[in-house]
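Participant: Encoded as structure tokens, here's the structure I'll be asking about.
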Amino acid sequence: MASFNKVILMGNLTRDPETRVTATGLTICKFGLAINRVFSTKDGERKEETTFVDVDAFGKQAEVITKYIRKGDPLFIEGRLKFDQWEANDGQKRSKLGVVLDKFEFIGGRSENNASGGSSNSGGYEQSSPPKRQVAAEKPAASEDFSADEDTLDEDVPF
């Protein structure tokens, strides 16, 4: 049977990215993304719900996200779902559904972290995506590709 595993999300970081480098030199970045949904009930009452998603980035993508993104910043991502299972210290079996990043794009206006001006540059997605954030001049060019290397994504590295 055929399968398809693709996630597209846009939200704000819930915390600063946590980054480490493995013994083999692979950079791994973990961050949380909050995605808000506003809707109206049958009674016309406006409600809002927030979904929190953990995201893992690898390689050059992890390095760029660590350098330019902070808690509260908006981010547009594409990735795939990954189901993790482990046994906790108390012997309980635990599991979590998260996202492994494939592509991303900076969105929104200037933030305090990069308010020095510059040109509009992308984190490596297509030009037809949501508007890009104005960023400092040293930010990567829009033409740079930050798609993940499939070999690095399958490396099972505990954080």
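The values are calculated or read from the model by the stated rules, or taken from the named source; none is laboratory data. If you're wondering where the values come from, they're calculated on a predicted model, not measured in any experiment. Neighbour counts run over all protein chains shown; Cβ positions are idealised from the backbone, glycine included.
Participant: Does ARG110 qualify as being at pLDDT below 95 and not aromatic (Phe, Trp, Tyr)?
Facilitator: Working: at pLDDT below 95: yes; not aromatic (Phe, Trp, Tyr): yes.
Taking the combined requirement at face value, the residue satisfies it.
Participant: Would region 74-94 turn up any residue that is aromatic (Phe, Trp, Tyr), closer than 17 Å to ILE28 by Cβ and surrounded by 13 or more Cβ atoms within 10 Å (Cβ to Cβ)? Walk me through how you get there before you give the answer.
Facilitator: To start, the set of residues in region 74-94 that are aromatic (Phe, Trp, Tyr) comprises 76, 83, 86.
Cutting the leftovers down to closer than 17 Å to ILE28 by Cβ gives us 86.
Cutting the leftovers down to surrounded by 13 or more Cβ atoms within 10 Å (Cβ to Cβ) gives us none.
Taking every residue of region 74-94 in turn, none turns out to be aromatic (Phe, Trp, Tyr), closer than 17 Å to ILE28 by Cβ and surrounded by 13 or more Cβ atoms within 10 Å (Cβ to Cβ).
Participant: Here's a follow-up. In region 25-44, which residue that is of a type outside the set (A, V, I, L, M, F, W, C) and either surrounded by 10 or more Cβ atoms within 10 Å (Cβ to Cβ) or in contact (Cβ under 8 Å) with a residue 12 or more places away in the chain (or both) is farthest from ASP56 (Cα to Cα)? Outline the logic, then answer.
Facilitator: Within region 25-44, the first condition is being of a type outside the set (A, V, I, L, M, F, W, C), and the residues that meet it are 25, 27, 30, 32, 36-37, 40-44.
Still in the running and either surrounded by 10 or more Cβ atoms within 10 Å (Cβ to Cβ) or in contact (Cβ under 8 Å) with a residue 12 or more places away in the chain (or both): 27, 30, 32, 36-37.
Details: THR27: 11, LYS30: 5, GLY32: 9, ASN36: 20, ARG37: 23 Å.
The extreme case among them is ARG37.
Participant: Looking for whichever is out of contact with any Asp or Glu (no Cβ under 6 Å at 6 or more places or on another chain) and under 21 Å from PHE106 (Cβ atoms) here; the options are GLY72, GLY32, GLY44. Which one fits? Reasoning before the result, please.
Facilitator: Values: GLY32 fails: out of contact with any Asp or Glu (no Cβ under 6 Å at 6 or more places or on another chain); GLY44 fails: under 21 Å from PHE106 (Cβ atoms).
Sole residue among the options that is out of contact with any Asp or Glu (no Cβ under 6 Å at 6 or more places or on another chain) and under 21 Å from PHE106 (Cβ atoms): GLY72.
Participant: So which of LYS60, LYS47, LYS6 is in contact (Cβ under 8 Å) with a residue 24 or more places away in the chain, exposed (fewer than 14 other Cβ atoms within 10 Å of the Cβ) and not β-branched (Val, Ile, Thr)? Don't jump to the end; show me each part of the working.
Facilitator: Numbers: LYS60 fails: exposed (fewer than 14 other Cβ atoms within 10 Å of the Cβ); LYS47 fails: in contact (Cβ under 8 Å) with a residue 24 or more places away in the chain.
Residue meeting the stated conditions: LYS6.
Participant: Moving to a separate point now. Return the only residue of SER122, SER129, SER147 being surrounded by fewer than 17 Cβ atoms within 10 Å (Cβ to Cβ) and either modelled with pLDDT under 55 or not in a loop (DSSP other than H, G, I, E, B) (or both). Before the answer, list the steps.
Facilitator: Details: SER122 fails: surrounded by fewer than 17 Cβ atoms within 10 Å (Cβ to Cβ); SER129 fails: surrounded by fewer than 17 Cβ atoms within 10 Å (Cβ to Cβ).
The match here is SER147.
Participant: On to the next question. What are the residues in region 15-68 that are under 16 Å from VAL99 (Cα atoms) and of a type in the set (Gly, Ala, Ser), if any?
Facilitator: If the condition is that a residue be under 16 Å from VAL99 (Cα atoms) and of a type in the set (Gly, Ala, Ser), then GLY32, ALA34, ALA57, GLY59, ALA62 are the ones that fit.
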